[in-house]
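Structure record follows, encoded as structure tokens.
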Amino acid sequence: MLPLEYILILSAVLFFIGLAGVLIRRHVIIMLICIEMMLNAANINFIAFWRYNPNPELHLGPLFTLFSIAVGGAEAAVGLGLVIAVYRFYNTANADKFDMLKDS
Amino acid sequence: MPSITFLYWIPLLPLVMAGLLAFFKPNAKRVASFLTVATLLACFFFSVKAYLIDIEIEKTLTHNFAWMHVGGKSIEFGVALNSLTSSMLLMVCFVGSLIFIYAGSYMQDDERKTRFFCYLNLFAAGMLGIIVSNSLLMLFMCWEIVGLASYLLIGFWYHKPSAAAAAQKAFITTRIGDMGFLIGILLAFKYSGTLLFYTDGGTGLLQSGILSANTNYFCGLSLSATVALLLFIGAIGKSGQLPLHVWLPDAMEGPTPVSALIHAATMVAAGVFLVARTFVLFEGSPCLLNGIAWLGSATMLFAAVTALGQYDIKRILAYSTVSQLGFMMVGLGTGGVAFGMFHLLTHAFFKALLFLGAGSLIHGCHHEQDIRKMGGLLRTMPLTGYAYLAGMLSLCAFPFTAGYFSKDMILLGAWEHNKAIFAVVAFSSFLTALYMTRQCLYVFFGNYRGHHHPHESPFQMILPILILAVFAIGGGFFAENIHLFTFLNPVGKHAEHNQTVVFVSWGVALGGMLIGYLFYHPIRLRSGKDPLACLPFGIYKLMENRFYIDEIYAFTVGNIWKAAGIVCYLFEELLIVIKVITEALVNKLARLCANFGDNTLIVNYGFDNTCEMIKRRAHLVTAIQTGQVAAYLRITTLGALLFVLTFWILLKIKI
Amino acid sequence: MIITFCILSVFIIIGAVSTIRLHNIVYAVFSLMLLFSAIAGIFLLLMAEFVAVAQILIYLGAVGVLILFAVMLTHSVTGSSGKNIYSNGWGWGLLLSLSILFATLLPAIYFSDFPSDPAVEIIEPSVKKLGMEMMHSCVPAMWLIAILLTAALIGGIVIAAPPQKR
């Protein structure tokens, strides 16, 4: 049917795209979005491994994934709150312009 | 075997009521006093039930439970019911109810009266807990609750600095005694593994726990006697025996119901009760009992003499309490539980009567407390006056009053034990009659010397006084009828009647009153100077100033702390001197070394150049801190990558 | 089954790549939502129905909308990000992520033995079982998550609130 590796490769590629997005893009909100993308890749991994587990009756995969989704939601909320606060100060969402910590 | 778990309710009810009252408004009209009196009447009902059970059963009933387990042992709490418990319970609940009724009227105009009744309930809970407790630890906890409640109550009018200071003094002085108490508890627990007084299996502290232990544990005392001595130290603090009596007179700063409750009937009796409860430990050592009797007699004499010189009506009664407590200790030391406890029970009645009467007098004279400014009050306040006189007669042990019977017992016991103690105690009883007569002559007879218009007090204050007066006079017959003496001590000594003792006791009481009348005849009092001031060697001045004991304590203890402070200061000065010397030495040494080598070489080229180079090249390192978020993220990711790779490679190599 | 998987994965890749390459932020967020839906489909494929629905509810419903709100609040008046959407030194970032993919993730997958078929053919859809598991052995975790969410949301509000004028 469906080998486990395919799903794992998919989640790996998704993770890579998310990571690339965080490290490449300038806009802070896109960075946060890509972090969520990475979290989702990890969730796919959890469910995939649970599905192919010899005894999936314990439902540990979905359980952990639910917690992961909850935490991801909380983190998104806080991160976006921070983004709004920072935007209020710098008046731009361009991460390159946030250089107050620079050593002069 | 009837169940005695209802005994737990006796201390719990007032405790719960105290917690409840803490949330009431400070000015609720009558609710607080009503609830408090109702609670204590409920406790009285329970104590009657306990008494009825106790009459039937000979031995001690107990109910214990394990509170917590520590290491291999368990700490247990429980309640015990025997004759001692039931008699004390009856007295405390009855007298307490009367005092609470009185307090409802006395504290009527106070703006914090709800809080007052909350504290009264707390006190009642602690005191009743002491009485019913079967466990030494539970007794100690309730002991401390009582101490706290007394602090709160004495310092109730806290804006008066004298009251606040008196409360502190009471708490700290009793604390000193509590230290000995605690050490006694620890010692008892260590050697017997249990804290219970009585258990069903006969392993309690008072049954077999430490009684059979080694003799000559400490200075010739056996182990049980050492524990008893330590517990007695706690009793010294709480019951105001000689070295630690200083808090009792100052505690009169509190409201009169507090004085009546705490310093007449209950709290100071707690020490005597403790000794009575653990008397089995004391019995084995006649040396200890002798010591207790001597200390009691010394206290009695000292306090009686001091009372002769006081002018504040409540202070006279306070010293009288100290003196009577010494008398109770003499009773315990010479005769046994029954002797001391009998006097405790009668004393509670007439002393509470005296205090409540004094409160009524003070109230009637508009808060005047100096007896030199009172006089002729028997005409203006007859009910209070006659009741007060009844109490005074009982205290002087006028024949056939309640006080007479109990004092007679103790005198008998002292005569058989040690004639010297008997002499001291008899003389002190003479002085008791003397100062009480003095007080009554000053207050009730002659002409009024004050500036106010005295009037009789409200009915709610008079009623308890009248009821107590009945008991003060008739208590003796009441006790004989129910064979209180054998009830209290079924297996103890029974004093035989002795003609000499009876003669001395009658003579002392009547003689004291007669001489008092001669000295303090109302006509003499008009001159304003105390007739006893003619005593030689300025003895009267000493008595008036309470033998300067407070000043001595302040001097010694205060100076000890000052000395400690000076020691610390000197030590610090020493350290500073050492530091200065060391600094000078090190400087000299450094200069020597510097002059040895060529400091220009080392410092200039070596040190300075290195610093320059670091400064110039530093910007290469700080280039990492660009302040750019993305750059930081990349470096973090690089770090994570390297970490994972390293970890993986290490795993692979191992495998 | 493989076909379904391929279709869904195509959607996932399209959604992901669009997110990081679109100039317009709102379009990027929409492609993110496409991504989330496709992932929900994968969950359904893998017989985790509850998680799929939770994914739609939370990520599509809550987080996506939250991101949209944040975009609206931080949109510069002068238009979108401009010509260049990549930060300085984007090459290093790309290199790093590629190396993570090819040096750690893919080798890990290739060098391990994985079953080619699921061990259990059909898993009973059981929300009840999940609930029992949650409420029995994972109760402390539930408490912690509740506290965490409360704290995070309150904190987010506090951080994002405009400064109070005295």
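The values are calculated or read from the model by the stated rules, or taken from the named source; none is laboratory data. Please read all numbers here as calculations on a predicted model, not as lab measurements. Here the Cβ is made from the backbone with ideal geometry for all residues, glycine too, and neighbour counts use every protein chain on show. Remember, those area values only see protein heavy atoms, side chains included, never the ligands or the DNA or RNA. Shrake-Rupley method; radii C 1.70, N 1.55, O 1.52, S 1.80 Å.
State the Kirkwood hydrodynamic radius of region B:263-405 in Å, one decimal place, computed from all pairs of distinct Cα atoms.
15.9
For region B:331-362 and region B:610-653, what is the centre-to-centre distance using only Cα atoms, to the nearest Å?
Cα centres, region B:331-362 to region B:610-653: 86 Å.
Just the number, please: buried accessible area between A and B, total of both chains, 1.4 angstrom probe, nearest 100 square angstrom.
So the buried area, both faces added, is about 900 Å².
Please compute the contact order of chain C in relative form: average sequence separation of alpha-carbon pairs under 8 Å and at least six residues apart, divided by the residue count, as a percent.
Taking the mean separation of contacting Cα pairs over the length of chain C, I get 17 percent.
Over region C:1-80, what per residue volume does the convex hull of the Cα atoms give, in whole Å³?
Convex hull volume per residue, Cα atoms: 60 Å³.
Calculate how steeply helix B:313-334 sits against the longest principal axis of the alpha-carbon atoms of chain B, using the helix alpha-carbon long axis, and give the answer as 0 to 90 degrees to the nearest 10.
Approximately 90 degrees, to the nearest ten.
Show me B:230-239, C:100-109 ranked by packing, highest mean number of other Cβ atoms within 10 Å first.
B:230-239, C:100-109
Compute, for B:Trp9, the solvent-accessible surface of its heavy atoms (probe 1.4 Å) with the complete set of protein chains present, and express it in square angstrom to the nearest 10.
For B:Trp9, solvent-accessible area is about 130 Å².
Kindly give the semi-axes, whole Å and largest first, of the ellipsoid equivalent to region A:4-93, taking each as the square root of 5 times a Cα gyration tensor eigenvalue.
32, 16, 4
With Rg and the Kirkwood Rh both taken from Cα atoms, where does Rg over Rh land for region C:124-166?
Across region C:124-166, the Cα-based Rg/Rh ratio is 1.34.
What lysines sit close enough to B:Lys407 to cross-link, taking a C-alpha to C-alpha distance under 20 Å and skipping anything fewer than 8 places away on the same chain?
B:Lys351, B:Lys419, B:Lys493
Hey, got the average number of other protein chain Cβ atoms within 10 angstrom for residues in C:61-67?
Across C:61-67, the average partner-chain Cβ count within 10 Å equals 5.
Which semi-axes, in whole Å and largest first, does the equivalent ellipsoid of chain B have when worked out from the alpha carbon gyration tensor as the square roots of 5 times its eigenvalues?
62, 34, 29
Have a look at the protein assembly as shown and give its Rg and Dmax from the Cα atoms, expressed in angstrom.
When restricted to Cα atoms, the protein assembly as shown yields Rg and Dmax of 44.0, 126 Å.
Looking at chain C, I'd like the Rg to Rh ratio, where Rg is from alpha-carbon atoms and Rh is Kirkwood's inverse mean 1/r.
1.03
Arrange the peptides B:106-114, B:10-18, B:147-155 so that the one whose residues have, on average, the most other Cβ atoms within 10 Å appears first.
Final packing ranking: B:147-155, B:10-18, B:106-114.
Tell me the Kirkwood radius of region B:1-148: reciprocal of the mean inverse pair distance over distinct alpha-carbon atoms, in Å.
Evaluated on region B:1-148, it is 16.0 Å.
Any idea of B:Thr60's accessible area? Nearest 10 Å², probe 1.4 Å.
Estimated to the nearest 10 Å², B:Thr60 gives 30 Å².
How much of the accessible area of region C:124-166, probe 1.4 Å, is carbon plus sulfur, in whole percent?
About 75 percent, which is the carbon plus sulfur part of the accessible surface.
Considering only DSSP states other than H, G, I, E and B, which trypsin sites (Lys or Arg not before Pro) in region B:1-87 qualify as loop sites with at most 16 other Cβ atoms within 10 Å?
Sites meeting the loop and neighbour criteria: B:Lys29, B:Arg30, B:Lys59.
Using the structure shown, select from A:Lys102/B:Lys615; B:Lys238/B:Lys314; B:Lys588/B:Lys615; B:Lys49/B:Lys169 the pairs with a Cα to Cα distance greater than 27 angstrom.
Result: B:Lys588/B:Lys615; B:Lys49/B:Lys169 exceed 27 Å.
Hey, what did chain B get for relative contact order, percent, Cα under 8 Å, at least 6 apart?
Computed value for chain B: 11 percent relative contact order.
Chains A and C: how much accessible area gets covered up at their contact, both sides added, probe 1.4 Å, in Å² to the nearest hundred?
7100
Per residue of C:41-52, what is the mean number of Cβ atoms on other protein chains within 10 angstrom of that residue's Cβ?
6
Please compute, for peptide A:31-38, the average count of beta-carbon atoms on other protein chains lying within 10 Å of each residue's beta-carbon.
5
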